[in-house]
Structure formats: C-alpha cells, structure tokens
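> Below are the structure tokens for one structure; questions will follow.
The values are calculated or read from the model by the stated rules, or taken from the named source; none is laboratory data. All values derive from a computational prediction rather than experimental measurement. Here the Cβ is made from the backbone with ideal geometry for all residues, glycine too, and neighbour counts use every protein chain on show. Side chains included, ligands, DNA and RNA excluded: accessible areas come from the protein's heavy atoms. Shrake-Rupley method; radii C 1.70, N 1.55, O 1.52, S 1.80 Å.
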Amino acid sequence: MKHTKKLASTLLMASLLVTTPLWLQHPTMTVQAADNQGQVKLSLAAEKTLQTLYTIQPELKNMDKKMNGPKNGVYELRFDKRIAPDKMELYAMVVLDATTGALHSYENEQEMQKQNNQPSEAVAKQKSAAFLQKLLSDDFKKYKATQTTKGEWDAVTYTRHEHGVPVFTDRYVVGVNGSSVMYVNTFEGAPLRAASSLFAKPGKVMSKEEVTGKVASLMELTYSAYKKETGKPALKYSLESTGYLDAVTGEEIESAFSLKSRYSDVIAVKPGGKKLTASNADEAIRVLTEEFQIQMDGITLETDTNTPAEMKGEGETIYRSKGRDGRITVYTNNNEVTGFQIRGKVEMGNAIQHGNKPANAQLSYEQAKEKAVQFLQPYLDSSVKELKIDQKEIRMPSATSYSFSFYALHDGVIVTDQNYLVNVDGQTGEIVNYMNSFTKPSAPFPDKKTAISKEAAAKQFLKDRPTVLGYMFPVQNEKVQAKPSLVYSIDTASYFLLDAVTGKSFK
C-alpha cells in the first residue's frame, strides 16, 4: 500500500537513524477475542471520543471491535468488517489517549486504498474540516488550515493558534481522498487538549540580533571528505538544533522529534588499517569465521539478488544466510568487506528503537562502548587518530543491542562521511553489527581557519529561513509537558548546508 503522503505528514516521526522515545511508541495491536472478564474498558474520556467517532463514521458501530491497553498512556482499537462467514478484514485503526480521551491517530484502511483519487482544494478542506469540527467541537475554532503537500490537496494540516501565533506542536494532519477522510495524525501537543488559559500572552522577547546570535551558536563546522561538485573534501556549516529557542532566554528546548546530534568526548584510538576482502560467498564465510569469530556451522551464504540495484552502492555486493533461524548479512564494496549484520529470529520480528537501553542488558553502556572501540580499532583507516560518538544516532537497531555511531575527526572537526557503526549485544557482548562507511579523500582537507564566522553563517541561514514566534509543548525526561512554552521556531526540516569557505549554499 502507498503510504507516502501519510508518512510525510508526520514529518520527523520516522527515522532509521534516530531513536523514537519509548513514551511515543504505541503498542502493537494484539488481535484476539476478549471475553467478558478480560475485556478492555475505556476511560470515560476515551469512551466519549469513541461515541463522537461513531457519529462521524457510523459504520464503525457495526464492525467487530477489539481493544488493547491502556499501554504507554493510550488505547488502541481495531475495527474489522466481515467479508465472509469465517473471514474478517481490517477496516480501521484508532488510537485514543487514556487520560484526555483525545485522538492520537485514525486510519481508515478502506479509504486509504482509494488514495489515488486526488481531491480538489475545496473538497480537501471541506472533508477534513467536517471531520475535525465534529471531533473537536468548539475547540476547532482555534485551528487554521494549511496545505500539507505542495501542489496536492490530499492532506490538510490544522495548526492551533493562541494569541495570534501558532502552537507548533498542536496540529492535526488530515489525509483525504475525493470522497472521505483516509487518516488523521497528531503532533504531540494535540492529545493534551490544553486549555487556552495555559498560554501566557507574549511579552518582551529576544531581539532579532539576539536571535541571530543564538542561531550562530548552533552552527556546527564539519568536514566532508567528498564534495559532489568537485570530488574533493569540503568544509561546511550545518545547523545542529532542537528546533526551538525559548523566546525570552534563548535556551534550547527539546520537542518530541528533536534530532540534534549529541557528540561524546574525544576518543583517542590506534588505527590498524586492516582491510578484509571477499569476492564470493565462500570467502565471505571465511572472513566471518576466521576474522570475526562468528559460528557458521550449518549456515551458508548466497549472493542477494532481490535488492534492487538502485538501492545498492556502486560496486556493492550483499550476501545473505540460509539454513538458520534468523539472518546473517555480509556487505562488500568492490570485494572489500565493509560490514556485517547478525539478527536472531526473535529480533527480526520484534526489533524496536529504545534509546540505547537494550532489553535485559547485562553490560552497561560504558562496558559496551569499550567493547565497540576495541573491536573497531584494527579496522580503522590509518589516518584516524580520534573519534567521537553521536550519542543520539541509532542505526540498524535491535531490541537487545547498544548502537554506536563513530565519526572520525580531522583537526578536531567531525568528518561526516568518515563514520563507522558498531552494535553490541547488551546481553552477551557479541558484536552484531559492523559497518565501515569511511570515505578516502582525494585531496587535502581545507584549513578550518579559512571558514567564515558562525555569525555570517547564521545570517545566511536566517535570510531564507526566518524564525517564527509561537508556542510548543516541551519534552523533559522523555515526557511531554502539559505547560506550553513561548518559543522561536527554527527551521530544521528544510535542507541547509553552507560551504564554510565560500559562504555559498550547497545545491
């Protein structure tokens, strides 16, 4: 099924590289018949919302309903329709807040099958507004509609406004086709249903010059070993921000989907420069057994022919295992082994993102990190003397492993395309992932002293992406706070990368 627009509407919600906080993860729906003794009973607030949904979508009342929760603060409801005496088909999924009863999400599977039926602007606004008016009652007046996808009206975003300014994290994204509503997604503030009295009227805020200074402090100088336009290394500025600044103090504030990198202290290393090669499946097995001490008894590898060529790197070959519960994968580039991945049968079915807090861990984070560093050193390029870990970046996660994304430094500056991944099983200490993504430069790195100032970079950024005053619901200790904060929103969604030497934006 095509979910492109639905996924785009939730903006930063999905990312393989970054962990979703546990409190944002909805439980997986368990489809099972509940007897009278074990049946889930909704809170009064959630039941009220469900009754409202019945008035919007009357057919839901006649569906087979199964409920799960509350878990992580929400109920999940599944509605199935009978298509034969012994066969049911998913009709809709609904997620409700256990405390406020507010809607977290709604998906109408039947209508999503029709999403190629593109609505006009008028129809999109009419269908989406009618749904939210009934759902929110008088509160709907607080929301203003904007287009979600440029040039197409298959989703409409409704943003709350208080005191004439937007509430950035209180939004409803309503997906529509030509006949009905396909889905509703919310940003983290919407389910709180916060009273207008909680929003303090804006008073004295930072000046434009002060905002520019704060944004300048968030500009990060980095290297890339390969610049597409020239094929040579480049010095660049990027913005590392949570996306929100306290409008009075300038302090950064976290939201549910803040993706700012958090780098560790410098790690001194002794590179081994070791290269491993495998030109076929048998040689890949030899590398796994002799070099990485992976038990391969009864397991064979075969060349992957299912992954489309456009999804592979140039010169990349992938080998996958057979004859085992679970999966072993080996990656090569022009016959050089660049990584491997081990997944158990349970992990394949239940891998979750967990903020580097593996299930039932027997090793601490620091112990696992030490194992990762010791494993990695023999395979580091000989030029690498120092590393940093991006502590917010989680790659190829599994339920039981720690994930460490290492970045090489040049002259104390991160090199974004000289990185290594090592994942360590928190229960056994086994290395379950290794990926070498080191780019060899074809020329010397530019001198960082030639970079323009952070202030100049900030002015260039803000020229096309001015900050916007509004409210948001901050996150503290992985929990959305019910009290809104007045903030300046910084655009972290659109692409920004500045050549730090010329001051020009990269294309």
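> Find the residue count for segment 200-228, including only residues that are surrounded by fewer than 19 Cβ atoms within 10 Å (Cβ to Cβ) and more than 30 Å from A408 (Cβ to Cβ).
Of the residues in that region, 12 qualify.
> From G298, G243, G273, G231, grab the single residue that is buried (at least 19 other Cβ atoms within 10 Å of the Cβ), on the phi > 0 side of the Ramachandran plot and not aromatic (F, W, Y).
It is G243.
> Related question: Looking at segment 157-180, which of its residues are of a type in the set (A, V, I, L, M, F, W, C) and at pLDDT 95 or above?
Across segment 157-180, the qualifying residues are V165, V167, F168, V173, V174.
> Kindly indicate which of Y407, Y420 is touching a helix residue (DSSP H, G or I) at 6+ places or on another chain (Cβ under 8 Å) and part of a strand (DSSP E or B).
Exactly one of Y407, Y420 is touching a helix residue (DSSP H, G or I) at 6+ places or on another chain (Cβ under 8 Å) and part of a strand (DSSP E or B), namely Y420.
> Turning to a different aspect of this structure: Does at least one position in segment 40-50 carry a residue that is modelled with pLDDT under 95 and open to solvent by 40 Å² or more (accessible area, probe 1.4 Å)?
The answer is yes; a qualifying residue exists.
> So Y331 fits all but one of (1) surrounded by fewer than 16 Cβ atoms within 10 Å (Cβ to Cβ); (2) touching a Phe, Trp or Tyr at 6+ places or on another chain (Cβ under 8 Å); (3) not in a loop (DSSP other than H, G, I, E, B); what number is the exception?
Single failed check for Y331: (1).
> Name every residue in segment 254-283 that is within 30 Å of F187 (Cβ to Cβ), part of a loop (DSSP other than H, G, I, E, B) and not hydrophobic (A, V, I, L, M, F, W, C), in order of residue number. Please lay out each step first, then the result.
Going residue by residue through segment 254-283, those that are within 30 Å of F187 (Cβ to Cβ) are 254-263.
Checking the rest, the ones that are also part of a loop (DSSP other than H, G, I, E, B) come to 254-262.
Once the filter is applied, which keeps residues that are within 30 Å of F187 (Cβ to Cβ), part of a loop (DSSP other than H, G, I, E, B) and not hydrophobic (A, V, I, L, M, F, W, C), segment 254-283 yields E254, S255, S258, K260, S261, R262.
> Tell me, which residue of segment 378-397 that is open to solvent by 30 Å² or more (accessible area, probe 1.4 Å) and outside any loop (DSSP other than H, G, I, E, B) is nearest to T338 (Cα to Cα)?
By that ranking, first place goes to P378.
> Follow-up. Among the numbered criteria (1) more than 19 Å from D425 (Cβ to Cβ); (2) open to solvent by 80 Å² or more (accessible area, probe 1.4 Å), which one does K312 miss?
(2)
> Oh, and also: Within segment 432-452, track down each residue that is part of a strand (DSSP E or B) and farther than 18 Å from H354 by Cα.
Step one: list which residues in segment 432-452 are part of a strand (DSSP E or B), which gives 432-438.
Hits for segment 432-452 are Y434, M435, N436, S437, F438.
> Looking only at segment 481-503, which residues are open to solvent by less than 30 Å² (accessible area, probe 1.4 Å), outside any loop (DSSP other than H, G, I, E, B) and not acidic (D, E)?
S485, V487, Y488, S489, L498
> Next question. Does V468 count as open to solvent by less than 40 Å² (accessible area, probe 1.4 Å) and among the aliphatic types (A, V, I, L, M)?
Judged against the criteria, V468 is not a match.
> In addition: What are the pairs, 6+ residues apart or on separate chains, where a residue within segment 418-439 that is without any contact (Cβ under 8 Å) to a residue 40 or more places away in the chain has its Cβ under 7 Å from a residue that is open to solvent by 20 Å² or more (accessible area, probe 1.4 Å) and in a strand (DSSP E or B)?
The qualifying pairs are N419/Y407; N419/S437.
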